[in-house]
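Trainee: Here it is, the structure in full.
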Amino acid sequence: MQGPIEQFSAILGKQYVLIEDQDKAPYLTDWRKRFTGKALAVLLPKSTEEVASIVKLCSANNIGIVPQGGHTGFCGGATPDNSGKQVILNLKRMNQIYEIDSANQTITLEAGCILQAVQEKAAAQDFLFPLSLGAEGSCMIGGNLATNAGGTNVLRYGNTRDLCLGLEVVTAQGEIWNGMKGLRKDNTGYDLRDLFIGSEGTLGIITAAVMKLYPLPSSQWTTLVATDNIASTIALLNLFQKRATALLTGFEMMTQESLALNEKHFPQMANPLKGNPPYTVLIELSDHESEEHVRKLLERILEEAFEAKLISDAVIASNLSQANAFWHMREHITLAQAEEGANLKHDITIPLSFLDRFIRETDALMRQQFPGIRIINFGHLGDGNLHYNIAPPLGSDPKAFNLAHEKAIHDLVYGQVERCQGSISAEHGVGQLKLDDLRAHKGEVAHELMKTLKRALDPQNILNPRKVVSI
Ligand code: FAD
Ligand code: 2HG
Ligand code: ZN
């Protein structure tokens, strides 16, 4: 009688079943280095049929499966537990782009495709695949779908969910659901696609997808502006929404404290706006009209914003490399935080009408209760999505500080989120990091419904156990 490792090898080939410690190591720790687990094996399938056979085998042997893409998630969702009994199913070998359908404006691909490769493939055929995030060089479409990733283009094009038309999923029983239709309308009962998107590997394993494409914009202008407070930043957003409408593709906010941290670790990324303004906002317009047309529109809106005293300074990127430099500055805040050491992340959404109150009240409570802490607040303001991150006081040991205060800080922030009718997870998901917070904040009825779904689709609890919901 063969053991599971031999049976995995029979399905995948021995070289795609990693069992040696040094081979498994790169798959066991998450990007933030917050979670490290153990695994019976790391499995590297090449096809949906192999995934299905693996799931059947795991089901027969009651082996927990942790699906994994680029392992860039922030909530420990793709990291196994410490039992050493779970397997990691990494989909990186399933990286074929099957087809770009120009008439239907869709791309059909396997779940292990790296996001950046998908963007590049689309651009080569004059299409835009609009999902864009700092981890795009390593995260994979399957991971993006499983976390319903957001990023910097949501304002115009929506989350990953909004970009997906069809899915192929291997169920917890090892069956293959083929939902690979590229339809923009399909009201045939329950939406199974939407059930799997954002389920973080707990309901099924996404193996392929049909995603939307858009015409590649022909002109793009990027600007950095200085604002004094959140109220004027929101008024500025509303002005852009009114004047630029669908041309507005990015509206990102960075506080003075966030950019100071950036500059400490990446001095070459100094803010081009003078005088370290309280808020720096990165705005992008893109269009299918001429460069000149968009530039004029941008200038007109900025003039109006100056006159209304919503902004005190502005720099328009004069070429692509300067625009990229603005974006790099924005995207490096996460890396600067990682350089600085362990920090506490809060990926939250607040309705824009409550955002000003949320920030004023929460900043004040935070500074009063935890003197010296640094509030690294930045994010996709156009979506009401803040990355309200907390770095320990300068000179203190981050690990010791977090150990002592993590729960109190999370409770403070999430309590405020609840008072302001927001969400404790905007785009990063729940994973293992927010399992207890979700239970506390989702609402009892919603949480029970989630558990009912999990029990119905995965009664054996083999798909990513103890992530998102615990049954
Ligand atoms: P992984 O981390 O491997 O997995 C994430 C979750 O999905 C896990 O629960 C895993 O089990 C599950 N999973 C993975 N693949 C599958 C599959 N095929 N089927 C079923 N379940 C699966 N996120 C944003 O939303 N917006 C941002 O702007 C953003 N910026 C980032 C910037 C940086 C520098 C980094 C490091 C991360 C950032 N992220 C952001 C978080 C992360 O990149 C996204 O959550 C991304 O979608 C995860 O993709 P992945 O392939 O790395 O997934
Ligand atoms: C971003 O918007 C990412 O850059 C990362 O979602 C946020 O570091 C973070 O907390
Ligand atoms: Zn983000």
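The values are calculated or read from the model by the stated rules, or taken from the named source; none is laboratory data. Every value quoted in this text rests on a predicted model; they were computed, and no experiment measured them. All Cβ positions, even for glycine, are placed from backbone atoms using ideal geometry, and neighbour counts span all protein chains on display. SASA here: full protein model, heavy atoms, side chains in, ligands and nucleic acids out. Shrake-Rupley method; radii C 1.70, N 1.55, O 1.52, S 1.80 Å.
Trainee: Find the residue count for region 384-404, including only residues that are of a type in the set (Ser, Thr, Tyr) and open to solvent by 10 Å² or more (accessible area, probe 1.4 Å).
Mentor: Pass one, region 384-404, residues of a type in the set (Ser, Thr, Tyr): 388, 396.
Still in the running and open to solvent by 10 Å² or more (accessible area, probe 1.4 Å): 396.
Residues flagged as of a type in the set (Ser, Thr, Tyr) and open to solvent by 10 Å² or more (accessible area, probe 1.4 Å) within region 384-404 amount to 1.
Trainee: Still on this structure, please answer the following. Filter region 346-358 down to residues that are open to solvent by less than 10 Å² (accessible area, probe 1.4 Å) and within 16 Å of ligand 3 (Cβ to nearest atom) and give me whichever is farthest from residue 433 (Cα to Cα). Full working, then the answer.
Mentor: As a first pass, look at region 346-358 and keep what is open to solvent by less than 10 Å² (accessible area, probe 1.4 Å): 346-348, 350, 355, 358.
Narrowing the set further to residues that are within 16 Å of ligand 3 (Cβ to nearest atom) leaves 346-348, 350, 355.
Numbers: 346: 11, 347: 12, 348: 14, 350: 20, 355: 24 Å.
My answer is 355.
Trainee: Let me ask something else. Considering only region 449-471, how many residues are part of a loop (DSSP other than H, G, I, E, B), over 16 Å from residue 171 (Cβ atoms) and open to solvent by 80 Å² or more (accessible area, probe 1.4 Å)?
Mentor: Counting residues in region 449-471 that are part of a loop (DSSP other than H, G, I, E, B), over 16 Å from residue 171 (Cβ atoms) and open to solvent by 80 Å² or more (accessible area, probe 1.4 Å) gives 1.
Trainee: Only one of (1) open to solvent by 40 Å² or more (accessible area, probe 1.4 Å); (2) closer than 18 Å to residue 343 by Cα fails for residue 425. Which number is that?
Mentor: The number of the failed condition is (1).
Trainee: Would you be able to say whether some residue in region 89-107 is aliphatic (A, V, I, L, M), in contact (Cβ under 8 Å) with a residue 60 or more places away in the chain and more than 26 Å from residue 432 (Cβ to Cβ)?
Mentor: Filtering region 89-107 down to residues aliphatic (A, V, I, L, M) leaves 89, 91, 94, 97, 100, 103, 107.
Checking the rest, the ones that are also in contact (Cβ under 8 Å) with a residue 60 or more places away in the chain come to 89, 91, 94, 100, 107.
The next check asks that each one be more than 26 Å from residue 432 (Cβ to Cβ); those that pass are 100, 107.
Yes, there is a match, as at least one residue in region 89-107 is aliphatic (A, V, I, L, M), in contact (Cβ under 8 Å) with a residue 60 or more places away in the chain and more than 26 Å from residue 432 (Cβ to Cβ).
Trainee: Another question, then. Read through the list (1) open to solvent by less than 50 Å² (accessible area, probe 1.4 Å); (2) of a type in the set (D, E, K, R); (3) more than 26 Å from the chain's Cα centre (by Cα), then give the number of the only condition that residue 284 fails.
Mentor: With respect to (1) open to solvent by less than 50 Å² (accessible area, probe 1.4 Å); (2) of a type in the set (D, E, K, R); (3) more than 26 Å from the chain's Cα centre (by Cα), residue 284 is out only on (3).
Trainee: Scan region 6-23 and report the pairs whose first residue is farther than 14 Å from residue 89 by Cβ and whose second residue is outside any helix (DSSP H, G or I) and of a type in the set (Val, Ile, Thr), with Cβ atoms within less than 6 Å and a gap of 6+ or a chain change.
Mentor: Close Cβ pairs (under 6 Å, with a partner that is outside any helix (DSSP H, G or I) and of a type in the set (Val, Ile, Thr)) amount to 9/17.
Trainee: Right, something else. Among what's in region 46-64 and is within 23 Å of residue 115 (Cβ to Cβ) and not in a helix (DSSP H, G or I), pick the residue that is most open to solvent (accessible area, probe 1.4 Å).
Mentor: Once the filter is applied, the top-ranked residue is 46.
Trainee: In region 323-366, which residues are more than 20 Å from residue 235 (Cα to Cα) and free of Cβ contacts under 8 Å to residues at least 60 places away in the same chain?
Mentor: So in region 323-366, the residues more than 20 Å from residue 235 (Cα to Cα) come out as 323-348, 362-366.
Across region 323-366, the qualifying residues are 324, 325, 328, 341, 343, 362, 363, 364, 365, 366.
Trainee: Return the total of residues in region 77-107 being outside any loop (DSSP other than H, G, I, E, B), of a type in the set (Val, Ile, Thr) and within 15 Å of ligand 1 (Cβ to nearest atom). Give the steps one after another, and end with the answer.
Mentor: Here is the first cut: in region 77-107, the ones outside any loop (DSSP other than H, G, I, E, B) are 87-90, 97-101, 106-107.
Retained after the next criterion (residues that are of a type in the set (Val, Ile, Thr)): 87-88, 97, 100, 106-107.
In the following step, the residues that additionally are within 15 Å of ligand 1 (Cβ to nearest atom) were identified as 87-88.
So the count comes out to 2.
Trainee: Applying the selection to region 63-112, what residues are of a type in the set (A, V, I, L, M) and either within 16 Å of ligand 3 (Cβ to nearest atom) or closer than 30 Å to residue 215 by Cα (or both)?
Mentor: Pass one, region 63-112, residues of a type in the set (A, V, I, L, M): 63, 65-66, 78, 87-89, 91, 94, 97, 100, 103, 107, 109, 111.
Answer for region 63-112, where residues must be of a type in the set (A, V, I, L, M) and either within 16 Å of ligand 3 (Cβ to nearest atom) or closer than 30 Å to residue 215 by Cα (or both): 91, 94, 97, 100, 103, 107, 109, 111.
Trainee: All but one of (1) closer than 30 Å to residue 336 by Cα; (2) away from ligand 3 (no atom under 16 Å from the Cβ) hold for residue 244; which doesn't?
Mentor: (1)
Trainee: Still on this structure, please answer the following. Could you please give the count of residues in region 228-281 that are open to solvent by less than 10 Å² (accessible area, probe 1.4 Å) and farther than 22 Å from residue 386 by Cα?
Mentor: Final tally of qualifying residues: 1.
Trainee: Which of the following residues is surrounded by fewer than 17 Cβ atoms within 10 Å (Cβ to Cβ) and within 24 Å of residue 427 (Cα to Cα): 304, 361, 340? Steps first, answer last, please.
Mentor: Working: 304 fails: within 24 Å of residue 427 (Cα to Cα); 340 fails: surrounded by fewer than 17 Cβ atoms within 10 Å (Cβ to Cβ).
Of the residues listed, the single one that is surrounded by fewer than 17 Cβ atoms within 10 Å (Cβ to Cβ) and within 24 Å of residue 427 (Cα to Cα) is 361.
Trainee: List pairs: first in region 434-447 and closer than 16 Å to residue 465 by Cα, second open to solvent by less than 70 Å² (accessible area, probe 1.4 Å) and part of a helix (DSSP H, G or I), Cβ under 7 Å, 6+ apart or cross-chain?
Mentor: The qualifying pairs are 439/447.
Trainee: Condition (residue is more than 27 Å from residue 72 (Cα to Cα) and away from ligand 2 (no atom under 16 Å from the Cβ)) applied to region 422-436: is it met by at least one residue?
Mentor: So the first thing to find is which residues in region 422-436 are more than 27 Å from residue 72 (Cα to Cα), and the list is none.
The answer is no, given that none of the residues of region 422-436 is more than 27 Å from residue 72 (Cα to Cα) and away from ligand 2 (no atom under 16 Å from the Cβ).
Trainee: Another question about this same structure. Given the conditions (1) closer than 30 Å to residue 403 by Cβ; (2) surrounded by fewer than 17 Cβ atoms within 10 Å (Cβ to Cβ), which single one is not true for residue 37?
Mentor: Checking residue 37 against (1) closer than 30 Å to residue 403 by Cβ; (2) surrounded by fewer than 17 Cβ atoms within 10 Å (Cβ to Cβ), the one that fails is (2).
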